[in-house]
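Worksheet: one structure, shown below.
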Amino acid sequence: MLEGSPSVLVVGDDEVARGEVTVDSGLSLTIRLDEILGEIPAIGDDVLVRTLEEVRGRREYMATVEAWRAGHVVVTNIELVSAFQQRAIVRVGTDIPITIVYETDGDDLRDLATPIQASILDLSATGLRIHCSVPLQDSFRFGFHLSTDFDDLTLVAEVLRREDAPRGYRYGCKLVGTTQREADALHRYVLSEQIAQRRRGFQD
């Protein structure tokens, strides 16, 4: 199922919209459009749908626009045309301190009244686990800054599950609204950190 997968609509060589798959019926996809970047294809036009899926990683599908519905596009005649490395399962253990400084207000980020200190326990291009001492509700969406050797990113994550842990809680979260550039940057960081950890292991 593609529901929840960040998606990009491509016409020719141009990205024309970005959003997220909200419904995967098996025969059609409904995609919520969060950002319009170019000329939107008309009903009946072919479009390339690029997704970053939780399990299978980045994939590209050819599809036909069937309908437009209040900020959503419905596509049918879906055909897989390419699959890339399964980034979602490329994950690295970390201990990166972060500060949760934003919460979502609809589609917008707003400053938290009291920032929350947390640490990233592991990270992939599509999700992360964090530890913090503050109880967070399921589906709570928060924003934070992540600096790597490659990029400075502002990311948004959604809490999927919580479990008790010493001195607080562990949370499994998915990244939401991630652009292709951000996903590429995260994947690059995860791979480089895996290599660095293996080297440190050989030296110990």
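Side notes on the structure shown:
- Among residues of the stretch 7-49, those that are in contact (Cβ under 8 Å) with a residue 40 or more places away in the chain and either in contact with a helix residue (DSSP H, G or I) (Cβ under 7 Å, 6 or more places away or on another chain) or among the polar types (S, T, N, Q) (or both), counted: 5
- Top-ranked residue of the stretch 6-60 - restricted to ones that are polar (S, T, N, Q) and touching a Lys or Arg at 6+ places or on another chain (Cβ under 9 Å), ranked as farthest from Leu80 (Cα to Cα): Thr22
- Gln137 being out of contact with any Cys (no Cβ under 8 Å at 6 or more places or on another chain), in contact (Cβ under 8 Å) with a residue 60 or more places away in the chain and surrounded by fewer than 18 Cβ atoms within 10 Å (Cβ to Cβ): no
- Of the candidates Leu121, Leu146, the single residue that is part of a strand (DSSP E or B), in contact (Cβ under 8 Å) with a residue 40 or more places away in the chain and touching a His at 6+ places or on another chain (Cβ under 6 Å) is Leu121.
- Condition check for Asp138: at negative phi, charged (D, E, K, R) and not in a strand (DSSP E or B): yes
- Per the listing Glu20, Glu60, the residue uniquely modelled with pLDDT under 95, more than 15 Å from Thr179 (Cβ to Cβ) and not basic (Lys, Arg) is Glu60.
- Of the residues making up the stretch 146-189, those that are of a type in the set (Val, Ile, Thr) and closer than 19 Å to Leu109 by Cα are Thr154, Val156, Val159, Val176, Thr178, Thr179.
- In the stretch 156-183, the qualifying residues are those that are surrounded by fewer than 17 Cβ atoms within 10 Å (Cβ to Cβ) and assigned to a helix (DSSP H, G or I), and the one that is modelled with the highest pLDDT is Arg181.
- Residue check, Glu39 over 13 Å from the mean Cα position of the chain (by Cα), surrounded by fewer than 17 Cβ atoms within 10 Å (Cβ to Cβ) and closer than 18 Å to Gly177 by Cα: no
The values are calculated or read from the model by the stated rules, or taken from the named source; none is laboratory data. What you are looking at is a predicted structure, and each value in this text was computed from that prediction instead of being measured. As a convention, Cβ positions derive from the backbone with ideal geometry for all residues, glycine included, and neighbour counts pool all protein chains shown.
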